[in-house]
1. Kirkwood Rh over alpha-carbon pairs of segment A:20-513, then Stokes-Einstein at 25 °C and 0.890 mPa s: what D in µm² s⁻¹, rounded to an integer?
2. With label points built 7 Å along Cα→Cβ from the Cα atoms of residue B:430 and residue A:291, find their separation and express it in nm.
3. Efficiency by 1/(1 + (r/R0)^6): what FRET value for residue A:176 and residue A:55, r their Cβ-Cβ distance, R0 = 41 Å, to the nearest 0.05?
4. Can you sort A:111, B:252, A:287 by 1.4 Å-probe accessible area, starting with the largest?
5. Starting from the Kirkwood Rh over alpha-carbon pairs, what translational D in µm² s⁻¹ does chain B have by Stokes-Einstein at 4 °C and 1.567 mPa s?
6. How would A:221, B:225, B:45 line up by accessible area, probe 1.4 Å, largest first?
7. For residue B:284, list long-range residues whose amide hydrogen, built 1.01 Å from N in the peptide plane, is under 5 Å from its own amide hydrogen.
8. If each of residue A:12 and residue B:52 carries a label point 7 Å out from its Cα toward its Cβ, how far apart are those two points in nm?
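The values are calculated or read from the model by the stated rules, or taken from the named source; none is laboratory data. Quick caveat, the model's predicted, so the values are computed rather than measured. Don't worry about glycine lacking a Cβ; one is built from the backbone with ideal geometry, like all the others, and counts go over all protein chains shown. Each accessible area value is taken on the protein alone, full model and side chains, heavy atoms only, with ligands, DNA and RNA left out. Shrake-Rupley method; radii C 1.70, N 1.55, O 1.52, S 1.80 Å.
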Amino acid sequence: MNTLPVAIGLPYVPDWGQLRAFAPELWLIAAIVAVLLTPFFVKKPNAACGWVALVGLLAALVSVFVVGVDGTGEHFRGLMVADPVSVFWKGLLLMFVIGIVLMWFSTTAPTMHQGDGPEFFTLLLGATLGMSLMASTSNLLMLVIAVELASLPSYVLAGFRKTHLAGAEASLKYILFGAATSSIMVYGLSMLYGLYGTLQIDGPGGLAQQIATSGGSALLWMAIFSLIVGLGFKISAVPFHFWCPDVFEGASIEVSAFLSVASKGAGLVLLMRVMMSFASAQAYESTPLLNHLAVLLGVLGAITATVGNTAAFVQRNIKRLLAYSSIAHAGYMLCIVSLLVRGPAVKADLDLASTAAQVVLFYLAVYLFMNLGAFTVAGLIERETGTERIADYAGMGRRSPLMAFCLSACLFSLVGLPPFAGFVAKVNVFWALMQNGSWWWWLVGVIGVNTVLSLYYYVRVIKVMYLDDSSSAPIWPHPLGAGVAVVCAAILVFMLIAFGPINRLAGHYSHFYGVDQTTFTAEFSSSQPPP
Amino acid sequence: MHYSIVLLLAVPIVGAIVGALLPNARSAKWWALLVSVATALVGVWMAAQFDWNQDLSAVPTSDRLARSVQIAFTPGFDSPLHLQAIQFSFSLGVDSISLWLVLMTVLLMPVSILASFTYIKERQKEFYAWMQALLAFMLGVFVARDLLLFYVCFELTLIPMFFIIGIWGGSERRYAAGKFFLFTFSGSVFTLAVVIFLGLAAGSFDLATVTQYAQYDLTDSARFWVFMGLAAGMAVKVPLFPVHTWLPLAHTEAPTAGSVILAGVLLKLGAYGLLRLAVPMGLIGPAGLMFPTVVKALAVLCIIGVIYGALVAWVQQDIKKLVAYSSVSHLGFCVLGLVALNDYGMQGSVLYMVNHGLSTGAMFLVIGMIYERYHTRDIHQLSGLAKQMPIMSFFFVFFTLSSIGLPGLNGYVSEFLTILGAFTSEHLGIGYGIAAAVGIILGAIYMLHMVARVIFGPLKVPHVHEEEGHKPLSRDLNGREITVLVPLAIAVVLLGVLPTPVLNSVLEPVRMVRQPVTAPIVGPTAQSPAEVAMVQRP
């Protein structure tokens, strides 16, 4: 039972098979070391560090593809797990961070103080490492370490523009919020350990199983609440979202983009894993604990989406607007996570939990490209014109048709309009919620209304770009950044066309290790025709 | 497998992409004309392929609705166009109702592109590319045999129209475009929810399967919500009375071609959606929930729209706004005929969709031509144009009469039939008929009032400063403008004196949409009904 001394007390040498499953993380660590060494060999290390980081990230990405799901299982005495979900998330994350580095080259690189590069990339890669660890642990201790490893570099990154007052404020706000929420989380997790005497969440004798057999208690609820507080901060769920707009506004644009997807995604994957363990240990019975958890997450999601969308209405700054939009999207995804914790409630033959995981993974994949594209365009425009105000985007349809087109594509996709992948992502969300029926219908309604609300502010940006005229000179964006934006827009169209295969892929990768998940039933994902 | 119907969508889409990449504005506009004419030819080709005298009497009633679909394109199960994961299939097909609307659309598009040659002066390439994209999406709505495809196309029409109004519209274009987008989208989000629910519940998005499912297997509460969701999307698009406020603004602010397409085709999407989805699903009809209250409520909304639209049109100063309000009134007739749920009413309703597209489209074209010359549409600043522009005046009066419903021209037949439908309907009756007939009188009043002010009387035109860099237009209509109007005039006369082909061809389909099928189906059909229909055709 007492795994803590076991895990850290005895000499332990992991074998090759165990290390292999974590090749992406090892590459990241190697890249961090390489970035730190770079200034010893290069006089102007900023760009060089960027390239080193890029190579490290590419190597890590390749290793994700090479290793794949081979390493599925528990590793390092239960401290870490590798499974399809974590592989899928790592693939997404690394692709995304590569995009972020490319974005850095085309936006911030020229203005960054020479010599700051090594620190910047160390922090970026460190946060990335933390976020990929977040997706592959079901041990409380490792959970805390991963969350902190993801958070601490993020705090510094938020304030990395040293001469920038808003950046310092953002960083301070971020760190205060982060410190408060993570201390609450650690407090709650220590209660869990005190209650059940184990740090392992799943597996035999793990927390989830003990909770299932012993039932709930007030203390357990406090612990779960504090876990949700800690992860809610990472996801920026209301009411832990206050840092989000300020940090996005104060940080340089590639950091905002990084936090908007990577931080939220990692938090969601971790939340999914924990909830999945709970649900699976209760054998998806509709126990009061799970029902309450589902309602809690659903309500949290609904409130988050609504607050995000309504607050975005009045934003005049593109980064703040995207910040609130990212809060709203986190809300949609939380609504789906609420499906995870309740089993096949309505249709007994359907594994809803898997479906929900699949929907979230697909949504994350789409969301990644929508946000990367939108932020890239915003960054390029900021670099050329020095403005983040939406009103200054007037006439962008003429001044830079390509950028305006890419931003419009990403924004339409964020609304959920065809022909962009945001549409199928939203269809998926509706689909999964409706499959379960009952009170999830309310979430369908809430998301429907929210979609209409969101249309207003996204389209406002498009209106300014195409319908308002301005005499400002045309701008020529950095070709690399323009390339990233175009690729994002193209991928969004492609993901709509290739929705079937990509959705199936997300389906294949939506399995958690150690969680009793049956594979999809023919109704949802099989490719065989009906009889 | 018929590829003509795929070509119908592919030609304008490819045209839009190529058009956006053309080097200059001049080539872009001729290219757009070429593409729209080519699309029209594809449409005519489809009409030639279509079996107009399809005899379904030997087919069991449960299959008739599906079998009436011809020229079908149904991808196989292993085709990339068929997504088993969400049971979506890119399947297309037309019955006679869709085909008439397709024909109207492909007729209106070339003329509105031709009419834009001098009207659109800036960002021409973009304009023509959006027009072609719009054409593809509108046709997509009419030929879709898959519920999700229907919805996607329905929704996609918003984006081109948003830009067309917002970039090339009048002085309040930004507000108008935003309002148009928000209103329509707010309604259709709920339609999306219903579409997904139906697809999920029926196990397929195939229109025939979903329809049969909806008839038999929905619980009462599900029926209610499905009806509300569909009604929300369609009522805004039609538009029915309380949600019509986007329409006058959007029509007035849009450029001529935008108004023509908006009034001519986009409004029909709502009525078509009701006819294609709500009626056959039994949501509006004897099998529907709360029958006949729902139907009566819809009819009352239509009547309010008819009378209110007419009264508001009467007092307009802007002739374009007047015609826009007349659309609110006219679409009231159209939906009234639909909810009469009998042969006369529904045949009339389908014919009305086509007729309103032709006459109101033509009215907007003529008004656009006046505006291009005098830069005003104010009823007080224009008078006696007959003296200066006899040809224009002829067309103006001609289309006005068609719109009022002069016997011998197209409007008469459909207006008469919809009102006859209301009179003879089992659940509407004489009161609704009389109320609608009052709308006809009001229609004559406001239209003739406008004609009397603008065309006849002493000549009065505002002084116009010629724009620099543009050749001034001739005083009366030039050859291009006459070319624009003549095809519409011919169609108006043809449908006026010879409406029987349309009426006869839609008789069977409208009977089928309102007749419940006799047997419930179990699970998704093995072979798409459209495919069955195709195989068994002689």
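1. Diffusion coefficient, whole number: 109 µm²/s.
2. Using points 7 Å along Cα→Cβ, the separation is 5.9 nm.
3. 0.70
4. Details: A:111 115, B:252 10, A:287 30 Å².
My answer, sorted largest first, is A:111, A:287, B:252.
5. For the chosen part, D equals 56 µm²/s.
6. Details: A:221 60, B:225 165, B:45 120 Å².
Order by accessible area, largest first: B:225, B:45, A:221.
7. Sorted by chain and number, the residues that satisfy this are B:279.
8. It is 8.2 nm.
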